[in-house]
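Engineer: The structure's right below; bear with me while I get my questions together.
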Amino acid sequence: MGPVRLCDVLESQQKIVGIILALEGYGEIIVARAGEEELVV
């Protein structure tokens, strides 16, 4: 893969974050955040 424009990278990152947040909202995944207790499911 060659060079990629920054705007394309940022757009892709936002899409990934949106998908992750949606999956978390549906209860499909659990996202550990800094400062929270660890949860193993």
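Engineer: I'd like the full set of residues that are part of a loop (DSSP other than H, G, I, E, B) and either exposed (fewer than 10 other Cβ atoms within 10 Å of the Cβ) or among the charged types (D, E, K, R) (or both), limited to the stretch 14-31.
Structural biologist: Matches in the stretch 14-31: 26, 27, 28, 31.
Engineer: Every residue in the stretch 26-41 that is at pLDDT 90 or above and within 12 Å of the chain's Cα centre (by Cα), please.
Structural biologist: 29
The values are calculated or read from the model by the stated rules, or taken from the named source; none is laboratory data. Predicted model only: the values in this text are computed from it and were never measured. Backbone-built Cβ (ideal geometry, glycine too); neighbour counts: all protein chains shown.
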